[in-house]
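Heads up, the thing below is written out as structure tokens.
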Amino acid sequence: MPRNEGLSIGALARRTGLAVSAIRYYETQGLIRPWRNAGGQRRFDRADLRRLSFVMIAQQFGFTLPQIRAELDRLPGGRTPTREDWARISEGFRAALDARIETLVRLRDTLDGCIGCGCLSLPTCGLYNPQDKAAAKGAGPRYLMGDTPDAVG
């Protein structure tokens, strides 16, 4: 579609499945940048379909809008991103996704043990955290964040 036509916000909403209000919100967040046609109507490039699809998927994986915007800002302006452009962005997310996968696997493999013991209390758990030694490493679920019982204390 030539630049002088572009996509209307309604067409973009139909193609992405997003509400018009969501598209406007993403615009205010700097994730897409519409332009105005000769009649003053807001128009979007076809590449914005891919950008919004990327936003939707990245959010499902738990990335924040500022993180997503930083990656989208690496895409070229004025042309549709290429496969190489998207590959470069995916590399930026790969390490974060790998770390998240590792955490989820650890959670999956250890959560049933903690729930199964019945105490649900790290300060009183003699199996995983005697004398609450995990607290010395800081706040939060230390073992799920990568600390091991032998490395704590």
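Quick note: the coordinates plus some simple rules give every number you see, no bench work behind them. This one's a predicted model, so the numbers in the text were calculated from it and none came from an experiment. Cβ placement follows ideal geometry from the backbone for every residue including glycine, while neighbour counts extend to all protein chains displayed.
Label positions at R88 and S53, each projected 7 Å from the Cα along the C-beta direction, are separated by 2.0 nm. Specify whether the C-alpha gyration tensor of the range 1-81 places it in the rounded, prolate or oblate class, a ≥ b ≥ c being the square roots of the eigenvalues: rounded for a/c under 1.5, otherwise prolate if a/b is larger than b/c and oblate if not. The shape class here is prolate.
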